Amino acid sequence: MKGTWIGLGLLLACGRAQPEHATSASEPAASAPAAAKTPAAKEELKWAAASRVIAIGDMHGDLEAARRALKIAGAIDEADHWAGGALTLVQTGDVLDRGDDDRKIFDWLEQLRPEAKAAGGELILLSGNHELMNVAQDFSYVTPAAFESFGELGGRPSAFRPGGVYALRIALRPFVAQVGDAVYVHGGVLPEHVEYGLARMQHELRAWLAGQGPLPALVANVDSPVWTRAYSAEPLDCERLTRALAMLNAKRMIVGHTPQQHGITSACDEQVWRIDTGMSRFYGGPTEVLELTGDRVRALR
């Protein structure tokens with residue numbers, strides 16, 4: 001996703017908030033009510049190391065690009081069912097917006113998750129800024145066809161409002177995942193995020209998505225984990241990255257969010273890999289995925 005979040009247009013249970021830009025987040029996210037009952041999800045945000053991991057970046061409503069990526073990964077068969085066996089696949093968010101097929105991709109990936117689990121694999125779907133923008137009722141990047149595709153659910157605004165059907169599905173997703181010694185996130189994890197507490201951020205985000213808590217800073221702030229470009233756009237903050245990885249006891253971070261014009265890139269002595277290749281029809285970039293096998297990291301096309 002390029003640019004900053006301009007049209008927030010929040011519709012929360014308590015009423016309409018004033019539109020604002022994604023702002024700098026020196027303040028912590030507001031805490032969710034202690035009594036809020038939110039959807040159960042993985043709290044620790046960590047998974048055991050896997051022999052083979054594939055990471056896929058932004059899909060932005062292009063079903064054919066999504067299929068190409070999963071086929072390159074060896075994750076699906078010709079009938080679009082899981083064929084990856086024990087593969088761990090991480091999709092780093094932003095399947096929504098910019099293309100007509102975003103609901104189809106969202107639903108398909110959800111259906112693949114239990115298939116992967118049954119085969120001994122894992123499909124980890126992360127939230128990107130565009131998933132959270134939809135819950136915040138910002139449909140600035142939704143195509144007319146995609147907007148109309150939720151008609152039987154009362155429309156897209158109803159499906160994605162906090163507590164709505166699709167918001168509750170997003171609430172079950174982590175915004176960050178650590179698999180072995182690699183951290184996967186849409187924008188980036190900064191040292192201050194680790195200090196504040198990633199599990200705490202996850203709880204606050206889930207409460208808001210369920211319609212049971214206030215808007216957390218994670219959603220709207222330009223330096224939040226789903227918005228920051230500290231590791232993916234010049235000038236890079238490699239020192240901050242090194243500190244964040246040390247705090248997480250991790251070797252590398254894999255991020256999406258910022259399209260790389262010619263395919264997957266690495267920086268900061270390969271401590272960060274940028275996997276948003278702009279594969280969707282909207283951007284016209286190459287379809288690539290990142291493969292991690294032990295200490296070997298490589299792009300597959």
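The values are calculated or read from the model by the stated rules, or taken from the named source; none is laboratory data. Everything numeric here is computed off the predicted structure, so don't read it as measured data. FYI the Cβ positions are ideal-geometry reconstructions off the backbone, even for glycines, and counts take in every protein chain you see. Please note that ligands, DNA and RNA were not included when accessible areas were found on the heavy atoms of the full protein model with its side chains. Shrake-Rupley method; radii C 1.70, N 1.55, O 1.52, S 1.80 Å.
Averaged across orientations, what area in nm² does the convex hull of the alpha carbons in segment 254-301 project? Please list the in-between numbers first.
Numbers: hull surface 13.1 nm².
Computing the convex hull of the Cα atoms and averaging its projections yields 3.3 nm².
Expressed in whole Å with the largest first, what are the equivalent ellipsoid semi-axes of segment 80-223 derived from the C-alpha gyration tensor as the square root of 5 times each eigenvalue? Before the final figure, lay out the partial values.
Numbers: eigenvalues 107, 96, 33 Å².
Equivalent ellipsoid of segment 80-223: 23, 22, 13 Å, largest first.
Using the Karplus equation 6.51 cos²θ - 1.76 cosθ + 1.60 (θ = phi - 60°), what ³J(HN,Hα) coupling, rounded to whole Hz, does each residue of segment 278-295 give in order, writing x for Gly and Pro?
x, 5, 6, 4, 4, 9, x, x, x, 8, 9, 10, 9, 10, 10, 10, x, 8
Name the shape class, rounded, prolate or oblate, that the alpha-carbon gyration tensor gives for segment 64-162, where a ≥ b ≥ c are the square roots of its eigenvalues, rounded holds for a/c under 1.5, and otherwise prolate holds if a/b is larger than b/c and oblate otherwise. Walk me through the numbers on the way to the answer.
Details: a/c = 2.18, a/b = 2.00, b/c = 1.09.
Here segment 64-162 falls in the prolate category.
If you rank His186, His81 by how much accessible surface each has, with a 1.4 Å probe, what is the order from largest down? Spell out each step's value before the answer.
On the way: His186 0, His81 90 Å².
Per-residue accessible area, sorted high to low, gives His81, His186.
How large is the convex hull of the Cα atoms of the chain per residue, expressed in Å³ as a whole number?
Working: hull volume 36.5 nm³, N = 301.
Convex hull of Cα atoms, per residue: 121 Å³.
In Å, the Kirkwood hydrodynamic radius of segment 165-301 over pairs of distinct alpha carbons? Numbers along the way, then the final one.
On the way: mean 1/r = 0.0639 Å⁻¹.
Every distinct Cα pair counted, the radius reaches 15.7 Å.
If packing is taken as the average number of other Cβ atoms within 10 Å across a peptide's residues, how do 167-179, 99-111, 234-246 rank, most packed first?
167-179, 99-111, 234-246
Take each of the peptides 202-210, 83-91, average the number of other beta-carbon atoms within 10 Å over its residues, and list them starting from the highest.
Details: 202-210: 25.7, 83-91: 21.8.
Final packing ranking: 202-210, 83-91.
Restricting to Cα pairs below 8 Å that are 6+ residues apart, what does the relative contact order work out to for the chain? Please round to a whole percent.
Working: 689 pairs, mean separation 72.8, N = 301.
Value for the chain: 24 percent.
If the label point is 7 Å along Cα→Cβ of Asp107, which residues in segment 260-281 have backbone nitrogen under 18 Å from it?
none
For segment 216-280, compute Rh as the Kirkwood radius over C-alpha pairs and then the Stokes-Einstein diffusion coefficient at 4 °C and 1.567 mPa s; write the answer in µm²/s, rounded to an integer. Can you show the working numbers first?
Details: Rh = 12.4 Å.
This corresponds to a translational diffusion coefficient of 105 µm²/s.
Can you tell me what share of the DSSP beta bridges in the chain is antiparallel? A percent to the nearest 5 is fine. Mind dumping the intermediate values first?
Working: 18 of 36 bridges.
So the antiparallel bridges amount to about 50 percent of the total.
Any idea how far apart Arg243 and Arg301 come out in nm if each label point goes 7 Å out from Cα toward Cβ?
If labels sit at Arg243 and Arg301, their model points lie 3.6 nm apart.
About the Cα centre, and with charges only on the beta carbon of Lys, Arg (+1) and Asp, Glu (-1), how big is the dipole of the chain? Nearest 20 debye, please. Show your work: numbers first, answer last.
Values: 30 positive and 37 negative charges, 69 e Å.
About 320 debye.
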